[in-house]
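Undergrad: Dropping the structure in here first, questions after.
The values are calculated or read from the model by the stated rules, or taken from the named source; none is laboratory data. A quick note: this is a predicted structure, and the numbers were derived from the prediction, not measured. Positions of Cβ are backbone-derived with ideal geometry, glycine not excepted, and every protein chain shown enters the neighbour counts. All accessible areas refer to the heavy atoms of the entire protein, side chains included, with ligands and DNA or RNA removed. Shrake-Rupley method; radii C 1.70, N 1.55, O 1.52, S 1.80 Å.
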Amino acid sequence: MNVGPVCPRCGGDIPTRPGSDEAWCHLHGAVTPLHHSAVLAHDTLAAVCLDARVPAWVPDPMPAGWAVTGVAWGGEAGARGIVVDCAGPAPLGGAAELVLVAEEPGTGLGAGYAGLPWLDPGELLAGASSASVTAAGQRAALWSVPTTADRSAFVGEAFGVWLWLVTWPATAAWLLAEDLVLTDLRDRVPPDLPLAPPGEHFLPGA
């Protein structure tokens, strides 16, 4: 069951016209509406991926004890951005959450989760990269993003669109030290992919 769209930058409720990619947030003006489902199922993931213009990234293999806990998509037909939320035990103990975002430039999804005031990373991708992942067989360099103390944020580029990884708590970024490999659910949604209820940071602004 889909619920009303929210702002991709702050998570606030926004009105939108049926069949339109335009919506208005009282804080951020015109935005790409972010949709999500109240109930996560393998069929939901497959439907979101069906005509998406960007990848839907998940770790492959999924770290032990981890599960996909939510999916959100930006825009109406042919998603311009896809958010996959995952949660599980943190590498250094306790619980952790990982949000993976693939988005076209100008969407603002990743920046919303990272707590940044702009749409795209711009000059943040300068100098030496600080981490990397393997995304659908390609190495993707990632740059650390300055953010609040409760999280870590990284951004790079994969398959011509932005790739963001945001973790809570900040120490959960140690996941990147384990040679994280990502697969695109547009290619296949495994029937045994573990699913769980939405995490605390599933929507931006949390």
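Undergrad: Among (1) crowded, with 24+ Cβ neighbours inside 10 Å; (2) part of a loop (DSSP other than H, G, I, E, B); (3) among the β-branched types (Val, Ile, Thr), there is one condition Val83 misses while meeting the rest; what is its number?
TA: The number of the failed condition is (2).
Undergrad: If a residue counts only when it is touching a Cys at 6+ places or on another chain (Cβ under 9 Å), which strands (runs of 3 or more DSSP E) contained entirely in region 148-206 have at least 1 such residues? So that I can check it myself, show each step before the final result.
TA: Working: elements: 152-158, 161-168, 181-184.
Fully inside region 148-206 and qualifying: 181-184.
Undergrad: So which pairs qualify, if the first residue must be in region 58-79 and among the charged types (D, E, K, R), the second must be in a strand (DSSP E or B), the Cβ gap must be under 9 Å, and the two must be at least 6 apart or on different chains?
TA: Once the first residue is among the charged types (D, E, K, R) and sits in region 58-79, its partners that are in a strand (DSSP E or B) give Asp60/Val181; Asp60/Leu182; Asp60/Thr183; Glu76/Thr16; Glu76/His35.
Undergrad: Can you name the number of the only condition in (1) charged (D, E, K, R); (2) in contact (Cβ under 8 Å) with a residue 24 or more places away in the chain; (3) open to solvent by 10 Å² or more (accessible area, probe 1.4 Å) that Glu103 fails?
TA: Condition not satisfied by Glu103: (3).
Undergrad: Residues of region 106-128 being assigned to a loop (DSSP other than H, G, I, E, B) and loosely packed, with under 14 Cβ neighbours inside 10 Å, which ones?
TA: Let us first name the residues in region 106-128 that are assigned to a loop (DSSP other than H, G, I, E, B), namely 106-108, 115-121, 125-128.
The answer is Gly106, Pro117, Trp118, Ala126, Gly127, Ala128.
Undergrad: Something else about it: Given Pro91, Pro63, Pro55, which one is assigned to a loop (DSSP other than H, G, I, E, B), in contact with a Phe, Trp or Tyr (Cβ under 9 Å, 6 or more places away or on another chain) and within 18 Å of Leu193 (Cβ to Cβ)? Working first, answer last.
TA: Values: Pro91 fails: within 18 Å of Leu193 (Cβ to Cβ); Pro63 fails: in contact with a Phe, Trp or Tyr (Cβ under 9 Å, 6 or more places away or on another chain).
Exactly one residue qualifies, and that residue is Pro55.
Undergrad: What residue, among those in region 1-12 that are modelled with pLDDT of 85 or more and within 12 Å of His36 (Cα to Cα), is surrounded by the most Cβ atoms within 10 Å (Cβ to Cβ)? Steps first, answer last, please.
TA: Step one: list which residues in region 1-12 are modelled with pLDDT of 85 or more, which gives 5-12.
Next cut, within 12 Å of His36 (Cα to Cα) only: 5-8, 11.
Values: Pro5: 22, Val6: 23, Cys7: 25, Pro8: 34, Gly11: 18.
Step by step, filter region 1-12, then rank; the result is Pro8.
Undergrad: Say we look at region 94-105 and pick out the residues that are over 13 Å from Pro121 (Cβ atoms) and not in a loop (DSSP other than H, G, I, E, B); which of these is farthest from the chain's Cα centre (by Cα)?
TA: Top of the filtered list is Ala95.
Undergrad: Which pairs have Cβ atoms under 9 Å, sit 6 or more apart or on different chains, and link a residue in region 117-143 that is closer than 14 Å to Ala158 by Cα to one that is open to solvent by 50 Å² or more (accessible area, probe 1.4 Å) and among the basic types (Lys, Arg)?
TA: Ser132/Arg139; Val133/Arg139
Undergrad: Return the pair list, or none, for Cβ contacts closer than 8 Å from residues in region 173-202 that are open to solvent by 30 Å² or more (accessible area, probe 1.4 Å) to residues that are of a type in the set (Ser, Thr, Tyr), at least 6 apart or on different chains.
TA: If the second residue must be of a type in the set (Ser, Thr, Tyr), the pairs left are Asp179/Thr134; Val181/Thr134; Leu195/Thr69; Ala196/Thr69; Pro197/Thr69; Pro198/Thr69.
Undergrad: Which residue is nearest to the chain's Cα centre (by Cα), if the candidates are limited to region 137-169 and must be farther than 27 Å from Ala95 by Cα and open to solvent by 50 Å² or more (accessible area, probe 1.4 Å)?
TA: Pass one, region 137-169, residues farther than 27 Å from Ala95 by Cα: 137-139, 157-161.
Right, trim to open to solvent by 50 Å² or more (accessible area, probe 1.4 Å) and you get 137-139, 157, 159-160.
Values: Gly137: 19, Gln138: 18, Arg139: 18, Glu157: 13, Phe159: 15, Gly160: 16 Å.
Looking at the filtered set, the residue picked out is Glu157.
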